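Some notes on the structure that comes next.
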Amino acid sequence: MTTTETATFGGGCFWCVEAAFEEVPGVRDVTSGYAAGHVEDPTYEQVCTGETGHAEVVQIEYDPDEVAYSDLLKVFFTVHDPTTLNRQGPDVGSQYRSIICTHDEEQQRIAEEYIEELDAEDAYEDDVVTEVEALETFYRAEEKHQNYYEKNPGDAYCTFNADPKIEKVRQKFATQ
């Protein structure tokens with residue numbers, strides 16, 4: 001039996017991030033949800049106000065024998081702009097911030113070191129503003145938000161925002 005591990009990332013609208021990670025070999029499941037806020041069991045409408053403190057995130061179940069946590073970080077930093085505070089593309093507000101919610105001290109260390117490397121290498125024109133914090137609680141988003149891209153491939157928002165992320169993943173991380 002394969003043992004899976006979990007990673008949680010927020011990089012803008014969860015529809016787009018979820019769709020991108022679905023393309024990664026070794027990823028078993030991606031669930032859209034909310035984390036890093038102060039309201040218990042928030043709704044999408046509450047999170048959209050920006051007043052709950054939550055970020056839209058995806059929780060990724062993956063096989064560490066097929067894809068390493070560090071590789072998931074590479075995908076994460078490819079599919080969003082980690083230098084914009086509280087904004088990804090057309091989405092503005094703290095709920096769209098760049099955040100890594102770690103599940104243990106090892107993930108915390110790896111994420112912090114990776115961000116330090118990105119900044120040291122001047123990987124981006126601006127400094128990385130991605131938050132790294134221990135995950136306290138993950139709240140699964142409503143069912144209509146799960147696999148949104150798959151269910152709504154013609155949605156204009158998805159076409160404009162998710163398709164480029166998916167294409168980046170396919171080009172950079174597809175298995176040969």
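Do the conditions hold for residue 130, that is, is it modelled with pLDDT of 95 or more, under 18 Å from residue 21 (Cβ atoms), of a type in the set (Ser, Thr, Tyr) and surrounded by 15 or more Cβ atoms within 10 Å (Cβ to Cβ)? When the stated conditions are applied, residue 130 passes them.
Taking the condition among the aliphatic types (A, V, I, L, M) and in a loop (DSSP other than H, G, I, E, B), does residue 132 pass? No; evaluated as a whole, the condition is false for this residue. Output yes when any residue across the range 153-170 is assigned to a loop (DSSP other than H, G, I, E, B) and either in contact with a Cys (Cβ under 6 Å, 6 or more places away or on another chain) or not acidic (Asp, Glu) (or both), and no when none is. Yes, there is a match, as at least one residue in the range 153-170 is assigned to a loop (DSSP other than H, G, I, E, B) and either in contact with a Cys (Cβ under 6 Å, 6 or more places away or on another chain) or not acidic (Asp, Glu) (or both). Consider residue 82 carefully, then state whether it is part of a loop (DSSP other than H, G, I, E, B), at pLDDT below 95 and out of contact with any Pro (no Cβ under 8 Å at 6 or more places or on another chain). No, not satisfied. Among the residues making up the range 137-166, a single one is acidic (Asp, Glu) and under 16 Å from the mean Cα position of the chain (by Cα): 163. Counting only residues that are among the acidic types (Asp, Glu) and under 13 Å from residue 6 (Cα atoms), the range 31-64 holds 2 of them. Scanning the range 21-78 for residues that are under 21 Å from residue 93 (Cα atoms) and of a type in the set (A, V, I, L, M, F, W, C) gives 35, 36, 39, 47, 48, 55, 57, 58, 76, 77. (1) loosely packed, with under 15 Cβ neighbours inside 10 Å; (2) under 15 Å from residue 11 (Cβ atoms); (3) free of Cβ contacts under 8 Å to residues at least 12 places away in the same chain: which one isn't true of residue 143, the others all being true? So residue 143 meets the others, but not (2). Screening the range 40-58 for residues that are in a helix (DSSP H, G or I) and within 18 Å of the chain's Cα centre (by Cα) and picking the one that is surrounded by the most Cβ atoms within 10 Å (Cβ to Cβ) gives 47.
Selection over the range 94-107 of residues that are part of a helix (DSSP H, G or I) and surrounded by fewer than 16 Cβ atoms within 10 Å (Cβ to Cβ) gives a count of 2.
The values are calculated or read from the model by the stated rules, or taken from the named source; none is laboratory data. Here the structure is a predicted model, which is why all the values come from computation and not from measurement. Here the Cβ is made from the backbone with ideal geometry for all residues, glycine too, and neighbour counts use every protein chain on show.
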